[in-house]
Every structure is written in C-alpha cells, then in structure tokens.
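To start, the structure itself, in structure tokens.
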Amino acid sequence: MPQDVEDLKDLFENAPCGYISVEPAGRIIKANQTFAAWMGYEGNQLVGRRFQDLLSIAGKIYYETHFAPLLRMQGFFNEVALELLCANGSRLSVLVNAVERRDDAGRVRFIRITIFNASDRRRYEQQLLEARRAAEQASAELRELNLTLEARIEKAVQERMTAEDALRQAQKMEAVGQLTGGIAHDFNNLLAGITGSLELLRRRVAQGRLSELERYIVAAQGASKRAATLTHRLLAFSRRQALDPKPTDMNGLVAGMEDLIRRTMGPAVVVEVVAASGLWTTLVDANQLENALLNLCINARDAMPDGGKLMIETGNRWLDERTARDRDLPPGQYASLCVSDTGTGMPPEVIERAFDPFFTTKPIGKGTGLGLSMIYGFARQSGGQVRIYSELGRGTTMCLYLPRHFGEAEAAEAAEAARGIEAPRAEQGETVLVVDDEPTVRMLVTEVLEELGYRAIEAAAGPEGLRILQSNARIDLLITDVGLPGGMNGRQLAEAGQAVRPGLKVLFITGYAENAVISHGHLEPGMHMLTKPFAMDALASRIKRIITGG
Amino acid sequence: MSVLQRHNVHVSGSGSQAMVFAHGFGCDQNMWRFIVPAFADHYRIVLFDHVGAGGSDLSAYDPEKYATLDGYTADVIELCRELGIRDGVFVGHSVSAMIGVLVARRAPELFAELVLIGPSPRYIDDEDYVGGFSEGQIHELLEFLDSNHMGWSQAMAPVIMGNPERPELGEELTNSFCRTDPEIAKRFARATFLSDNRTDLAKVGTRSLILQCSEDVIAPPCVGEYVHRAIPGSEFVLLNATGHCPNLSAPEETIAAMKAFL
Ligand SMILES: Nc1ncnc2c1ncn2[C@@H]1O[C@H](COP(=O)(O)OP(=O)(O)O)[C@@H](O)[C@H]1O
C-alpha cells in the first residue's frame, strides 16, 4: 500500500471521532475503527446493520420523527444529541452530524455520519439542567410568593387587628384590675366617712347637740359625692368603645383622669399635672387617649418601685420641616401630652425595642409588652407620634404628639375635687397625731379622740406628719393610714417616727390589702392595726387601750 | 387570534375540492413541500401546523386540551369548518393519520377521502396486537424526554442555525424547528405514543387509503395491515420506500399512489 494511502487509512480508521457511511435507508456501508471500538464490535460486524438500530429507543423514535425528515429537507444535520447502545449493553452519549452525498442526477448516494463522544459534555449539560431546574423552581416559588403576598399581608393585618382589638380590651381590663385594689381602698375610706358621719349624727341627736349636725351632713354628702364620681369614672373607663375620634381638649381629659391616676400611682408617687393654657384641640378617640395615658402612668409607676415623681404635662408644639421629619410627621401644629417619671430610665437597647409588641423587661405575669406597642399604634393611627426621652438612672419622658384640630373641643368634663377643710385642733392632756389623706376619716378620728378627751394633731401626708414627729410637740400615739400620698407610706412614717421617738405607739388604719406593707402581716412591738371600715366605738376602745398601755 | 392564525394556516392551489395536509409528531407543514406541487393545480391546498409546532400560536397550547388526540381533532374540525370545507381530501401523516380517523368519525361531512400515511392506532403491543413497541420501551422514551429536554433543544439549535448548502430552506427551518418547544414536544409524544384508537377504525365510513412504508420503525407494516383490515373498504398500498416519512424520502412514489386512489 503506498505511503499516502496508508496515511489516509490511518486518518480514517483512528480519527478521534466515529465515521460511518450509510445507505439512504440507514444501513451501514462502512465504519471506522474508532467507532467500532466505542461500540465494542469488530469493524465488519457493523456493516449491514441500520444506524437507527444502534440507538436507544428514545433516540430511535426521535431520529425517525425529527432528524431523518430534517436530513431529507435540508441535506444535513449537525450536533444532534443521541444515545448509542454498545455491544455490552452500556450506553454512549454522542453528538451526531450527518450529511447527504448525492450523485450527478441529484439522487442520494449515501449519508456520511460523524459521531463525537459527548459523555462529558452531556454530564455537564445534565448538571446545568439540574441547576436551571432548581433556579426555575426557586423563581417560580418567588413569583408565587409575590402573587400571594398581598393577600397574605391583608389576612395577617386582619388577624393582627382582631388580635390587637382583643388585646386592647384585655389591656383595659388589666388596667381596670390595677385600679380595683386602689379603688376598693378609696371606697372603704369614703364609706368610713359616710357611716362614721351618720353614727356621729345619731349620737349628737341623742345628746341633743343639734347645732353641730350640719358638719356631719356636709361631710357625709361630700364623701358620697366623691364616691359617686369615682363610680362614674370607673364605669366610663371600662366601657368598650370603637375608635371614635372627636375634637378633644386634652387638659380636660387629663383633669378627668387625675384622680384615677393618683389612686393608681399609690401613695409613694407624687403626681403633678402641668396643663398648658390655651392648649390646642386635637381630633382623637378620647377613650383610647385615656387608656394610653393610664398605661404611660402605670409604666412610670413600675419604673419607680421606691416611689418618685410623676409629671403629666400638656403643650402646644409647632413642628417645622426639620423637627417634623425628625419625628416622622408632617410639619405643622401638634398638641403634646408628656408623662415624665423619676424612675429607672431605659438603656438604648430597651428604647430601641420598647414599641415592639411583646417586648417587655418585666417578669412573667407582670408585663405584657403590649402597652407601648398599642400606644404607638394608636398615636400613628391618629396621625400623630409617640417618642421616648430617657436617661438611665434618672427617668423617662414619654411624649404623645397629636395633630391640632381646628374647631372647638366638645364640652370637656370638668374635673372636680372637693376637699374638706383642714384645721388643726387641740385639747389638753395626751396628744394623738392623726395622719390620713382622707379628711373625713381624719375628722372622724379626731372627733372620737376629742370625745375621749385627747388632744389631736392632724396631718394629710407623710412628710407633714414626720415634721410634727420631729418637733417637740407631745405625741402619745400616732394614728396613720398605711397608704399615704406624698412619697412616704404609713409604715415608713412610723419607722421614721420611732427613730426620733423610741417607743412611739402606732395604730395603723388600713384599707384593702395593705397588710403586706406593714411587715407582711406581722406587727412589731408597739404597733397595732385597725381595718377600715370600723365602728366608732371600736376605734374609741382601741385608742384608749393603746394609750393606757392595755 | 383567529383559528387560522392559531394554526399558521396557508391556503393555496386552484381547485374546488379541498386537500388538507396534517403533519405528524416531530414535524410541521414543511414536510409536505415535495407533495403539494403535484396537487396544487387541481385542489384547494390547506396547510397548517398543530398548536405547539412550527408557526402555530404557542400561547394557545393548553396542556389539558392537548393531553390526548381529542384536542388536536377538535382543532382540525374547527379550522376546516372555518374554511367551509365539505367533502375534501384529508392527508394525514403518522399521528395525524389517526387524527384524520377521529375527524371522519366526528364530522363525516368534512372529508370524502382519507389518505393515511404511516398510521398507527396503537404503538404499544397488546396481547395479539403488535404495535411495534413494548410498554417498557415507550416508558423509556417518555422518561428520557422528562430528564433530557435540554439535550434535545440544545442539539436542535445548531442543527437549524447554519444551512450553507440550501440557504432557501434556512428561513423555513429556523421558523419551524426552532420553535419546537421541547416541553410541548414531550407532551405531544405522550399524547401520541400512549394513544389507543383501535376501536375507532371500524366506524370510519369514509373512503380511505393506507400508505405503508416497507421498513418503518414507528409504524411497521403489520400495523398498516391491521388498519387496512379494520377500516371497512379501505385500500392498502405497501410502498418501496423505507423509513417513516415517504412524503420526504420517496415523494414520487407517494404522489403516484395518492393519484391512483383519488
Ligand atoms: N417609663 C418607663 N421607664 C422605664 N422603662 C419603661 C418605661 N415605659 C416602658 N418601659 C420599658 O418598655 C418596656 C415595654 O413597655 P410596654 O410595651 O408598656 O410593656 P410592659 O409594660 O407590659 O412591659 C417595659 O417592659 C420597660 O422595659
């Protein structure tokens, strides 16, 4: 064989691809060594077989339905991906090119097929396909998510609103619960005033001292009236109302709440109200605002476990472009309501999260973490804002800003506080210091003392009582209410008194569950306790027994 | 979009009797290019693409409608009625031969003659019936298509793009084959190869010609004979042509057989 023919033969037989020639119907005329080796046949074993019959079933069907027609129409095809079945049953991924060879008359003489081993490439394609499927699925899920997002948000908001509604009510009930204790105490005081006055009235009538009757009638009426006011307020507070914005005078609202707040704060907290004159009217749901105010006050009280000062302040604020942006509000006129305390204050990380629903630093069972989030929701819904100013260890100011309403406030409820006349009275002999913030009670006790022939000194608050104890005045007995305003409770007063007057005898008059305040129900020597309401006779005999050392 | 646009319908030729050509699985109306000229002088030629193939409106592809041959049958009836066809000639290749059988049953007024090229009422063997494929083979095909769709489409693109030898075909092929959506092809394969229309054959009342290739992997001669036996009064011609597409590989023989029948 001449050298160049040998060369060409080698080129054909050992090329890096399979070469075959087939008849128009697919029967193999010639196959090179490379192809035969791939397929696992001896060169001549392939001749006479149909190319289609070497294909996997899918390849065979597609070849007949897709590629054979294509070859006939355009005279060739390139890079068709097919699978060959080898002699040993394994499969070989290949890319196939085919071209028709025609004679001069245009008839197809044979078809030349070139076969490339595509195992690696098909594997990459498979991996690529997998990756693309994963990506498509991810983007389909994303699309689905996008489509349903709106509906789901709406549903979530709806659920959230329902939940918040329920929580608002629950909060109110919680606040009511907070109040109940204090109010029971106040009611007992007022009842003591009324029943005591009536009893004295009966006695004076029996004694024929008719000229003095007027005092007792006035006292009983005053106490009754305050009891009625209290009841009224309690009912108004617990009534459930839908959000119903009305032009509101916040000063009037604060004044109406003041009494309630004082009682809720307890005696250890001094409450001060600073009402701005000429305060702008706001359009707001008064019920919700009351709720918010009370919640702010309760938070303030919780931040002052050892007492302190609570200040409620209203004001007009003109927010310019910059300040407004700072507070995330449109610029304009706002009325503000700020509640300040001298409590623990908040570290920055608490400030940051204080408005989050369910964020609380309070122990389980004490805090719900919902107060501020609801106040925030309410403020925003009312077109306003709520802000925290807090200094760790010094105190906190919470400010509500509500947009000014141009129009008159509806008749604000006037807050009234009928206070009795306070006049120190004195008799000769042994002297008793009476400390109680409820003038009626003070008066009744004083009356009893006078009847018994004792001299009485009165004080309305702890510090005032302590001043008297620290003076040279003769004091044989201290009678004090446990819950006292002015930042010092009855127990603290008694202890301070015993510090300057060792052996000082003390009679506590208590309302509701204040027993805990007095040494967890266990009384130290020289200390006694009488629970309100009490009969005048019981009080008289008790006082006599203590003073005479019985 | 009108039904004619949906199916990329082309009407040509001069004649009063309509001759409707329906392509099979894997092709489009281009496959009739060597046959049509022989009939254009005497017939009103109607060419169309099934939805999902060639220049059809791919957006009209509804997987549910085209899950079986019924959807395709309804389309043919709809477009023939739109064209006002009566007593025409239906020429169907491969799966479209069966679609023609279904059309003849449901709307017998449309066609007076059926030319069925490579018909198969069922591809899978069933007891005594020989369809040419075992059930396992067809499932291998369908599974392969499920996991290899890129393999096919990637291979198709370069096949179509360059066409140095016969540039005049380039456009057509680009337009038809490039738009063979692999996902749709996969579903069409399922509708085709899982079909069983054997019981429909006996109810065909239309004059029918069966053209059978002598070597056809897709529809072997025994299947063509089965069809011939089942359709009352049908004529059967076994062609010398091999393969599945005599209309492409042996147009002259195909034309002659058709003319003899018509
Ligand atoms: N006046 C305040 N002083 C200090 N911390 C406060 C004050 N008000 C609120 N906080 C902090 O904000 C948290 C969230 O308050 P809030 O939403 O009202 O829920 P809760 O009072 O039930 O804990 C509180 O737990 C507390 O840590």
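Brief remarks follow.
- Gain in span if fully extended, A:S541 to A:T361, counting 0.36 nm per residue against the direct Cα distance: 59.9 nm
- At a threshold of 50 Å², the residues of segment B:230-251 that become less accessible to a 1.4 Å probe in the full protein assembly than in their chain on its own are B:L248.
- Separation of segment A:256-316 and segment A:454-475, taken as the distance between their Cα centroids, equals 31 angstrom.
- The slack between A:I351 and A:R202, meaning 0.36 nm per residue of separation minus the straight C-alpha distance, is 47.7 nm.
- In sequence order, segment A:84-97 has phi-based couplings of 9, 9, 7, 4, 7, x, 6, 10, 10, 7, 9, 10, 10, 10 Hz under the Karplus curve 6.51 cos²θ - 1.76 cosθ + 1.60, θ = phi - 60°, and Gly or Pro positions carry x.
- Per residue of peptide B:137-143, the mean number of Cβ atoms on other chains within 10 Å of the residue Cβ is 3.
- Dipole magnitude for chain B: computed about the Cα centre from +1 point charges on Lys and Arg Cβ and -1 point charges on Asp and Glu Cβ, it is near 660 debye.
- A:A15 paired with A:N146, simple spin-label distance in nm, labels 7 Å along Cα-to-beta-carbon: 5.0
- For the pair B:A67 and A:I29, label points projected 7 Å from Cα toward Cβ lie 4.9 nm apart.
- FRET E, pair A:R380, A:H528, Förster distance 60 Å, beta-carbon r, rounded to 0.05: 0.65
- Within 10 Å of each Cβ in A:26-35, the average number of Cβ atoms from other chains: 1
- Cβ neighbours within 10 Å from other chains - mean over B:184-190: 1
- Comparing each chain alone with all protein chains together (probe 1.4 Å, DNA, RNA and ligands left out), the residues of segment B:90-135 losing at least 10 Å² of accessible area are B:F133.
- The trypsin sites (Lys or Arg not before Pro) found in segment B:202-244 that occupy coil by DSSP, while having at most 15 further C-beta atoms within 10 Å, are B:K203.
- Taking all Cα-Cα distances within segment A:246-403, those exceeding 20 Å account for 48%.
- Loop-located trypsin sites (Lys or Arg not before Pro) across segment B:1-103 with a Cβ neighbour count of 14 or fewer within 10 Å are B:R86, with loop assigned by DSSP.
- Computed over segment B:52-131, the quotient of the alpha carbon radius of gyration and 2.2 N^0.38 Å is 1.19.
- Relative packing of B:105-115, B:47-57, which averages over residues the other C-beta atoms within 10 Å, highest first: B:47-57, B:105-115
- Total accessible area lost when B and A pair, probe 1.4 Å, Å² to nearest 100: 3700
- Extension gain (nm, one decimal) between A:V274 and A:R467, 0.36 nm per residue minus Cα-Cα: 66.7 nm
- If R0 equals 41 Å, the separation of the Cβ atoms of B:S2 and B:H139 corresponds to a calculated FRET efficiency of about 0.60.
- Approximating the spin labels as points 7 Å out from Cα along Cα→Cβ, the A:V218-to-B:L58 distance works out to 9.9 nm.
- For chain B, the spread of Cα positions along the three principal axes, ordered from largest to smallest, is 47, 45, 36 Å.
- Apportionment of accessible area to carbon and sulfur, chain B, percent (1.4 Å): 49
- Charge dipole magnitude, Cβ of K and R +1, D and E -1 - segment A:255-338, Cα centre, debye nearest 20: 80
- Calculated FRET value between B:D126 and A:R325, using beta carbons and R₀ = 56 Å, to 0.05: 0.10
The values are calculated or read from the model by the stated rules, or taken from the named source; none is laboratory data. On a predicted model such as this, the values are computed, not experimentally measured, just so you know. Please note: Cβ atoms are built from the backbone with ideal geometry, for glycine as well, and neighbour counts cover all protein chains shown. Please note that ligands, DNA and RNA were not included when accessible areas were found on the heavy atoms of the full protein model with its side chains. Shrake-Rupley method; radii C 1.70, N 1.55, O 1.52, S 1.80 Å.
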